[in-house]
Amino acid sequence: MFGRKKKASEQGDAPQTQDADGSTTADETSHGTAAAAGESGPFDQSQVSAADGRVDFGGLWLRPGPGMELRLEVDPTSDAVSAVQVGVDDATVQLQAFAAPRSSGIWDEIRGEIAEMIEKNRGTVEEGTGPFGTELRTRLPQPGGDGRTVFAPAIFAGVDGPRWFLRAVYSGRAAVDDAARARLDDVVRDLVVVRGADPMAPREMLELKMPATEQS
């Protein structure tokens, strides 16, 4: 079920800033109480009482559906886990969570930066509305097998939570087939973001790790 994938960089990685984000009170970290049956996430850790069968990746707890595969993307320079990837058939979603200021969300700002980066690299970007709000539907230039440039579709979605930001990047069939994407959307709706109480710089990635059951 689990795999490790070396990856030097991510498309549209959120750059880090030097601004410091202080700690906050329990009232500021919670945007709900307990996640009620049928309630849609992504959830903050304060909304759930336990992982409830979700796989613990540190900053993210998530539960894959039947037949899905989980992979960890690993920074080859530090050997640190940089993203969790969920795949089923030819559809994938890459998941990362970042610290955010307690006063406002950052998806609007990051969305503009991603669009600018893609356009500078000769890709195309179209803004639309998806299950989690405003998203970017893009085509990213990549080298093809015959030496020519091909344009691979990808969808960037974002969710602003209490002092955190979740980014989901859909690729493969998930970027072009609504039915294929819907299965991965269910995983995103059910996941839990574990921000923690420690001060973090805005846009600093929440630490990810191999699940304890996979460590030897």
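For this structure, a couple of remarks:
- Cross-chain or 6+ apart pairs with Cβ under 6 Å, the range 51-69 first and in contact (Cβ under 8 Å) with a residue 24 or more places away in the chain, then aromatic (F, W, Y) and surrounded by 19 or more Cβ atoms within 10 Å (Cβ to Cβ): A51/W61; R54/W61
- Any hit, the range 132-144, residues being among the small types (G, A, S), part of a loop (DSSP other than H, G, I, E, B) and either surrounded by fewer than 18 Cβ atoms within 10 Å (Cβ to Cβ) or touching a Ser or Thr at 6+ places or on another chain (Cβ under 6 Å) (or both): yes
- Taking the criterion of being among the small types (G, A, S) and either farther than 23 Å from D108 by Cα or open to solvent by 10 Å² or more (accessible area, probe 1.4 Å) (or both), the residues of the range 158-216 that qualify are G161, S171, G172, A175, A179, A180, A182, G196, A197, A201, A212, S216.
- Any hit, the range 180-194, residues being more than 15 Å from the chain's Cα centre (by Cα) and assigned to a loop (DSSP other than H, G, I, E, B): no
- Checked against the criteria, G128 counts as without any contact (Cβ under 8 Å) to a residue 24 or more places away in the chain, at negative phi, part of a strand (DSSP E or B) and open to solvent by less than 60 Å² (accessible area, probe 1.4 Å).
- Which numbered condition I118 misses (of (1) closer than 27 Å to L208 by Cβ; (2) β-branched (V, I, T); (3) without any contact (Cβ under 8 Å) to a residue 12 or more places away in the chain): (3)
The values are calculated or read from the model by the stated rules, or taken from the named source; none is laboratory data. Predicted, not measured: the structure shown is a model, and the values here were computed from it. No Cβ is skipped: glycine too gets one built from the backbone with ideal geometry, and neighbour counts run over all protein chains shown. Ligands, DNA and RNA are stripped out before the accessible areas are found, and what is left, the full protein with its side chains, is counted by its heavy atoms. Shrake-Rupley method; radii C 1.70, N 1.55, O 1.52, S 1.80 Å.
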